[in-house]
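First up is the structure itself, then whatever we jot down about it.
The values are calculated or read from the model by the stated rules, or taken from the named source; none is laboratory data. Here the structure is a predicted model, which means the values were calculated and not measured. Positions of Cβ are generated from backbone atoms using ideal geometry, with glycine treated the same way; all protein chains shown enter the neighbour counts. Side chains included, ligands, DNA and RNA excluded: accessible areas come from the protein's heavy atoms. Shrake-Rupley method; radii C 1.70, N 1.55, O 1.52, S 1.80 Å.
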Amino acid sequence: MSWTDYPVVLVVLDLLGIFVFALAGALVGVRRDLDVFGVLVLAGTTGLGGGFLRDVLIDATPPAALTDWRYLLVPVLAGLLTFVAHPAVGRFERPIGVLDAFGLSLFCVAGALKAAEYGLGPVPAALMGMVTAVGGGMVRDVLVGQTPQVFADATLYATPALGGAAVAVVGLGLGAPAIVVAPVGALVCLTWRLLAMWRQWTAPRPRGPASV
């Protein structure tokens, strides 16, 4: 099987996204002063939660995280690396939002392409890409008792994920190979998210006082 084959691209994107998100999740655990077990739980939850939810929703069961040993090994390695060398990992991250943006861009594309592979149309496939990107972080934040970042972060977060996923799905529908649309979609999401963080772009909010 060539490295440009569709399933290979999906697995590579999934594993890269899991590793990056697991690093971010493990850093949250370290900063919450959790023990090694707690750090590994947050690493696994952040890295695998979105893909697990996606696989259940598109009926790709059992989820890849339960059938492929690589999906379990990657977050464990990322969690242990962060636990042992968290000062170096933390300096590399600068700040944690940048690392999270990379994971967001990888997961939104991987989720959308896998949903398209399972027969979903462009719109639901793009939505599955967004769910894949934000799902793990939401579960992580609930576990540590804080408002999920997708709701608490004033800057655009889920919207760039949806945009990157849409670019990948549309490109695939136009006949472009996955090896081409994947990096393009990921770059769209990453650039949009980083610009939103830098320029403080926000989604519209209600005007006036809330009715009670």
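For Trp69 and Val184, the difference between the fully extended length at 0.36 nm per residue and the C-alpha to C-alpha distance is 38.5 nm.
Estimated from the Cβ-Cβ distance and a Förster radius of 30 angstrom, the FRET efficiency linking Thr147 and Leu194 is about 0.85. Put a dot 7 Å past the Cα of Trp201, heading toward its Cβ, do the same for Ala176, and the two dots end up 1.8 nm apart.
Relative contact order for the stretch 102-212: 30 percent, from Cα pairs under 8 Å spaced at least 6 residues apart, divided by residue count. Only Cα pairs under 8 Å and 6+ residues apart enter the sum, and on that basis the relative contact order of the stretch 16-175 stands at 26 percent. Between Val36 and Val76, residue separation times 0.36 nm minus the direct Cα-Cα distance comes to 13.3 nm. In order along the stretch 36-45, the phi-based Karplus estimate (6.51 cos²θ - 1.76 cosθ + 1.60, θ = phi - 60°) of 3J(HN,Hα) comes to 4, 5, x, 5, 5, 5, 5, 4, x, 5 Hz; Gly and Pro are listed as x. Helices in the chain, meaning DSSP H runs of at least 4 residues, each add -39500 (n - 2.57). Divided by all residues, the mean residue ellipticity at 222 nm is -25500 deg cm²/dmol. For the stretch 1-132, the convex hull spanned by the alpha carbon atoms encloses 106 Å³ per residue. Solvent-accessible area per residue in the stretch 133-197 equals 41 Å², computed with a 1.4 angstrom probe and all protein chains kept.
For the stretch 176-183, putting each phi into the Karplus relation 6.51 cos²θ - 1.76 cosθ + 1.60 with θ = phi - 60° gives couplings of 6, x, 4, 5, 8, 6, 4, x Hz, in residue order, rounded to whole numbers and with x for Gly and Pro.
If you count only protein heavy atoms with a 1.4 Å probe, what accessible area per residue comes out for the stretch 15-63, rounded to a whole Å²? Dividing the accessible area of the stretch 15-63 by its residue count gives 40 Å².
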